[in-house]
There are 2 protein chains.
Amino acid sequence: MEVRTLAAARIAEEINTRLDQALEQWTKALGAEHVMVDGASRAAVETATFATTQMVPAILRPGSREQVQECMRVANRFRIPVYPVSSGKNWGYGSRVPVTDATVLIDLSRMNRILDFNEKLAYVTVEPGVTQRQLFEFLHAGHSGLWMDATGSSPECSLIGNVVERGFGHTPYGDHFAQVCGFEVVLPSGGLMETGFCRFPGALAGPVYRWGAGPTLEGLFSQSNLGIVTRMTIWLMPAPEHFEAFFFQCNRQEQISSLIEALRPLRMQGILRSTVHIANDYKVLAGIQQYPWQETSGETPLLPELMTQLRTRLKFGAWSGSGGLYGTRGQVREAKKAIRKALKGNVNRLQFLDDTRLLFASRFAKLYQFLTGWDLRKTIDLARPVYGLMKGVPTDQPLAGAYWRKKSVPAGDLDPDRDGCGLLWHAPIAPMEGHHVAMVAGIATQILLEYGFEPSISMTLITERAVACVISICYDRREPGQDEQAMACYDRLRRELTDRGYYSYRLGIQSMSEMRGTDGYAGLVRTIKDAIDPHGILAPGRYQPASASSRATAKA
Amino acid sequence: MEVRTLAAARIAEEINTRLDQALEQWTKALGAEHVMVDGASRAAVETATFATTQMVPAILRPGSREQVQECMRVANRFRIPVYPVSSGKNWGYGSRVPVTDATVLIDLSRMNRILDFNEKLAYVTVEPGVTQRQLFEFLHAGHSGLWMDATGSSPECSLIGNVVERGFGHTPYGDHFAQVCGFEVVLPSGGLMETGFCRFPGALAGPVYRWGAGPTLEGLFSQSNLGIVTRMTIWLMPAPEHFEAFFFQCNRQEQISSLIEALRPLRMQGILRSTVHIANDYKVLAGIQQYPWQETSGETPLLPELMTQLRTRLKFGAWSGSGGLYGTRGQVREAKKAIRKALKGNVNRLQFLDDTRLLFASRFAKLYQFLTGWDLRKTIDLARPVYGLMKGVPTDQPLAGAYWRKKSVPAGDLDPDRDGCGLLWHAPIAPMEGHHVAMVAGIATQILLEYGFEPSISMTLITERAVACVISICYDRREPGQDEQAMACYDRLRRELTDRGYYSYRLGIQSMSEMRGTDGYAGLVRTIKDAIDPHGILAPGRYQPASASSRATAKA
């Protein structure tokens, strides 16, 4: 660190004084047990799945909306920037680490009440600490006929956290941000507001009709630093009369193009009502096992030639896809017919699975192995979490993939931050056309291999017209030099893809500079930010379109 | 008018001077032929389907985005408030009349280009002047396999105008605001911005993925006075393999409750993928004919007893409903089965209709009449526009209903403003539960009859969880006292419904005070408005949450 001038030292001291004063008032408001300044707690939240340098001076754990408001008022009074996380499971995008240095973390996980639930109108109203697991268990315990939509990240993910980041899942309600209605938001000033009809006294349609009257403001509070969402209604899906999943494989890389062309009409016509998820061979392998250290004699990356051998041996394709069919028995039967017809010649294998077949397969796996030599249990173990996700059952199976370059996955709870898992996600959106998807896959494969990483890619048909291409850079943070190598790879990948018009639907804390611009959108967001957060207290830099081209991680 | 003080006179003179200066510059920018100040043009735009007092000093007709920007810059320079309309067909909600007095109209109808069209990805990008008819003819001329969604108002309606007002249609794409992607907006300052991915240079997913990266801002520009939408991408629906409509009737008023309960699960489960439209007897009659002057001996209102006789004679129900089924032949067959089962016992009549049957019926109507005495052509004529709407075919049949209390409908083009049709629409949203819908219908029926109007009501299952209850107060503006009586009725209706929690999804220029409030939402919208439109130049009062409780129509 450079030699500090006297003036700089004085500023630092002044900041510390302000921080101390703020901490005193936060402690008064929340109680000492909910204001953490100890080294271990701070180190934990300062750790992501890639290299960061931001320090977190304290962690606040408000237990109510009123306490969140008070946190903001104190932050404003003493000009201390704060950064809210719901559950903080934003792995691959920065976990709990704030975008800027010296920012106090507001951890909302204590606010974990399910505030309202309506079986008939199929919605639930939750606080930010409510996790996927919690909602799933709530529905199960109440014998509800409703399904939630789960994202594949972890059962401990916050529902609100995922929605405001515009994450996605696997059922017809997979585009999460499209399925919410009515936010309660604490503004940077500490003021409170509600969106949609909820703002009107006694309004009955608050949880059922999203747009309300007048300007619709939910969008302002997703991927932004304009407010803290403290309550949200999420729509749930009635369990269909019948559910069936389909699984397919393509043997050759190039087939992705015609596959997308074949699937688009099905998605567009509503024959496929949910997201379809297609993973490449690297992604599938990372879901099954650790990096094949033995087969590669400890060398990295896993080269395509060996990958091809492995996937032939393990019997999966260059691309493996899955999707769910929801409806009456007859509707599902119709959909199956249409899928068979559309995929004929475009895939090498197509299988359907429902609850009965899954149960049957589990029961007779041993016998089946005896007769055929093929261990069905492995396939079932692999299929079950994916199958479950399509029915809205949260799973941490995909999270295990973050341990790919590790020698083993811990037996207990998974915590990629703690365990030094390296993970950088980049998620460009491509129009749903074969050549676009093939282009993104091709660029990503080439660049990741060039930098010594396995190109682990999944393509999700997230809406009728768009494909979310999730590219994972997966490594071991404990290996020297890998943090730098991975970030260099990420930067190159992002540049090459945006140069060709493929922009990410979601940004990591290290890439908020993507928002920058001198265009009208950037100007308007800045104007709004300045108007409602004049001291720049709330989550500085987060999805904030800076006018300069500097990285938003500049020291505060 | 009161005697003006000298000071007031001076202010008025100053305003006139500013207006003159502005007009000079607008004329320079647009050309004299696109700046109208003549009495006839002004009188036309000062006329709505109910009483208004606002004067419009001039009409500007910009022909391009750049001209719209220039209009705003001049407006700011001389502090002249302006009010944009796309096609101005906002009948029942204020037509082209600005919310405040002395506001210059910006008529965007000259900007009527279809800028982009993609058959594969099913979208079209349009300017504000593009009408429903224009898009329909464009698709037809290009032999497109795509359907648009049409609102029932008029073929001459602007697509953008309807979307930003969050209007709705009758296909699976019926919730219009949910089907758009990427706005280009002229801000009050004259600056330009784009939403979603469109803001990024060379971005490919602009027209296909709505949320973009960072805060999502489309909502700011719907039902607002924060910007002028000059370009918009609208998603289109691929024509299904098979389409079939269903029509049903209930004989008794009270059946609406169990009917809604029966339909909700179908809508929620995706068996019904589109809006379902249910009209009461008054609404249906107004669609068939003028007010029955003869049967009532010229008395108004048409009382329920006579209404019951009429509907028995004309063979329609207390409630008549319709909906569309879209999919493969097998899917439609499945849906029909489910509908038959669900509606059994809840309706008195259920019929399905597809292209083949419609053609057949048209051909053999005469023979059928000869054999049965029943004039099928009348039924067909009545069904055809509704049937068409479900296939995205615009129609002006519902508009004819605005002439209900007139003695006849003009043979040429319909213009309710010009023809002195009285029409006030109120459209509260109810949660999709029988008792809510019955409650709204009951209150509306009682109040309208009390004030001497026919309770013409339609209930649209606009989403899976919400019903838009459109109540029309229909009268003859040429009848003395009726303007006042209708407005009194409207005010009472609105008050009684909001008191019970049913708020309107859309507001007329006379009811913008509904937005008022001292809550956080109102405060935030005001803060944004002040920040981006410091002189309050753009559409003052429109969906603007005033803090005072005064009517927003106060003189500017």
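Here are B:Ala178, B:Ala203: which of them is surrounded by fewer than 21 Cβ atoms within 10 Å (Cβ to Cβ), within 8 Å of chain A (Cβ to nearest Cβ) and closer than 22 Å to B:Ile114 by Cβ? When all the criteria are applied, what remains is B:Ala178.
Does B:Arg542 count as more than 9 Å from chain A (Cβ to nearest Cβ) and surrounded by fewer than 23 Cβ atoms within 10 Å (Cβ to Cβ)?
Spelling it out, it is not the case that B:Arg542 is more than 9 Å from chain A (Cβ to nearest Cβ) and surrounded by fewer than 23 Cβ atoms within 10 Å (Cβ to Cβ).
Considering only residues in the stretch B:182-197 that are touching a Phe, Trp or Tyr at 6+ places or on another chain (Cβ under 8 Å) and at pLDDT 95 or above, the one that is surrounded by the most Cβ atoms within 10 Å (Cβ to Cβ) turns out to be B:Thr195. Residues in the stretch A:148-164 that are surrounded by fewer than 22 Cβ atoms within 10 Å (Cβ to Cβ) and among the acidic types (Asp, Glu): A:Glu156 only.
Residues in the stretch B:181-200 that are facing chain A (nearest Cβ under 7 Å), more than 11 Å from A:Gly501 (Cα to Cα) and in a loop (DSSP other than H, G, I, E, B): B:Leu187, B:Gly191, B:Thr195. Annotation: B:Met55 fulfils all but one of (1) touching an Asp or Glu at 6+ places or on another chain (Cβ under 7 Å); (2) crowded, with 19+ Cβ neighbours inside 10 Å; the unmet one is (2).
Name the residue that is most open to solvent (accessible area, probe 1.4 Å), counting only residues in the stretch A:476-490 that are under 19 Å from A:Asp419 (Cβ atoms) and among the acidic types (Asp, Glu). The qualifying residue most open to solvent (accessible area, probe 1.4 Å) is A:Glu479.
Of the residues that make up the stretch B:31-45, is at least one of a type in the set (Asp, Glu) and open to solvent by 40 Å² or more (accessible area, probe 1.4 Å)? Yes.
When each of B:Gly324, B:Gly317 is tested for being at pLDDT 95 or above, closer than 18 Å to B:His277 by Cα and crowded, with 17+ Cβ neighbours inside 10 Å, the lone residue that passes is B:Gly324. The single residue among B:Arg363, B:Arg329, B:Arg377 that is charged (D, E, K, R) and in contact with a strand residue (DSSP E or B) (Cβ under 8 Å, 6 or more places away or on another chain) turns out to be B:Arg329.
B:Thr233 fulfils the conditions (1) farther than 30 Å from B:Val185 by Cα; (2) under 23 Å from the mean Cα position of the chain (by Cα); (3) β-branched (Val, Ile, Thr); (4) not in a helix (DSSP H, G or I) except for a single criterion, (1). A Cβ distance below 6 Å, combined with a sequence gap of six or more or placement on separate chains, defines the contacts here; from the stretch B:491-503, residues that are closer than 12 Å to B:Met439 by Cα and more than 8 Å from every other protein chain (Cβ to nearest Cβ) reach residues that are surrounded by 15 or more Cβ atoms within 10 Å (Cβ to Cβ) and modelled with pLDDT of 95 or more in the pairs B:Glu496/B:Ile443; B:Leu497/B:Pro428. Residue-level analysis places B:Gln289 among those that are under 29 Å from the mean Cα position of the chain (by Cα) and without any contact (Cβ under 8 Å) to a residue 12 or more places away in the chain.
Restricted to the stretch A:387-419, and to residues there that are polar (S, T, N, Q) and within 18 Å of the chain's Cα centre (by Cα), the residue that is least open to solvent (accessible area, probe 1.4 Å) is A:Thr395.
Of all residues being at pLDDT below 70 and assigned to a helix (DSSP H, G or I) in the stretch B:372-385, which is least open to solvent (accessible area, probe 1.4 Å)? Just the residue, please.
The selected residue is B:Leu376.
The set of residues in the stretch B:386-425 being hydrophobic (A, V, I, L, M, F, W, C), assigned to a helix (DSSP H, G or I) and touching a helix residue (DSSP H, G or I) at 6+ places or on another chain (Cβ under 9 Å) consists of B:Val386, B:Leu389, B:Ala400, B:Ala402. Among all positions in the stretch A:125-137, there is at least one residue which is more than 14 Å from chain B (Cβ to nearest Cβ), open to solvent by 10 Å² or more (accessible area, probe 1.4 Å), in a helix (DSSP H, G or I) and among the charged types (D, E, K, R).
The single condition among (1) facing another protein chain (nearest Cβ under 9 Å); (2) among the polar types (S, T, N, Q); (3) crowded, with 24+ Cβ neighbours inside 10 Å that A:Thr527 does not satisfy is (3).
Taking the stretch B:237-290, which residues are within 24 Å of A:Gln331 (Cα to Cα), of a type in the set (A, V, I, L, M, F, W, C), part of a strand (DSSP E or B) and more than 14 Å from every other protein chain (Cβ to nearest Cβ)? Selection gives B:Ala245, B:Phe246, B:Phe247, B:Phe248, B:Val276. Within the stretch B:269-293, the set of residues being surrounded by fewer than 23 Cβ atoms within 10 Å (Cβ to Cβ) and at pLDDT 95 or above comprises B:Tyr291, B:Pro292, B:Trp293.
B:Phe221 falls short on exactly one of the conditions (1) closer than 28 Å to B:Val386 by Cβ; (2) within 9 Å of chain A (Cβ to nearest Cβ); (3) within 18 Å of the chain's Cα centre (by Cα), and that condition is (1). Could you please give the count of residues in the stretch B:319-342 that are away from every other protein chain (no Cβ under 11 Å) and farther than 20 Å from A:Pro240 by Cβ? Selection size over the stretch B:319-342: 5. The test for being of a type in the set (S, T, N, Q) and open to solvent by 20 Å² or more (accessible area, probe 1.4 Å) does not hold for A:Asn225. Among the numbered conditions (1) in contact with a helix residue (DSSP H, G or I) (Cβ under 8 Å, 6 or more places away or on another chain); (2) more than 7 Å from chain B (Cβ to nearest Cβ), the only one that A:Thr233 does not meet is (1). Of all the criteria given as (1) without any contact (Cβ under 8 Å) to a residue 24 or more places away in the chain; (2) open to solvent by 10 Å² or more (accessible area, probe 1.4 Å), the one not satisfied by B:Pro172 is (1). Residues that are modelled with pLDDT of 95 or more and assigned to a helix (DSSP H, G or I) were ranked within the stretch A:339-369; the one that is farthest from A:Ala279 (Cα to Cα) is A:Lys341.
Of everything in the stretch A:426-457 that is in a loop (DSSP other than H, G, I, E, B) and crowded, with 23+ Cβ neighbours inside 10 Å, the residue that is nearest to the other protein chains (Cβ to nearest Cβ) is A:Met432.
Just one of (1) outside any loop (DSSP other than H, G, I, E, B); (2) open to solvent by 20 Å² or more (accessible area, probe 1.4 Å) fails for A:Thr460. It is (2). Outside any loop (DSSP other than H, G, I, E, B), of a type in the set (A, V, I, L, M) and either touching a residue at least 40 places away in the same chain (Cβ under 8 Å) or closer than 30 Å to B:Gln269 by Cβ (or both), is that true of A:Leu105? When the stated conditions are applied, A:Leu105 passes them.
The values are calculated or read from the model by the stated rules, or taken from the named source; none is laboratory data. Quick caveat, the model's predicted, so the values are computed rather than measured. Neighbour counts run over all protein chains shown; Cβ positions are idealised from the backbone, glycine included. For the accessible areas, the whole protein counts, side chains as well, though only heavy atoms, and no ligand, DNA or RNA atoms are used. Shrake-Rupley method; radii C 1.70, N 1.55, O 1.52, S 1.80 Å.
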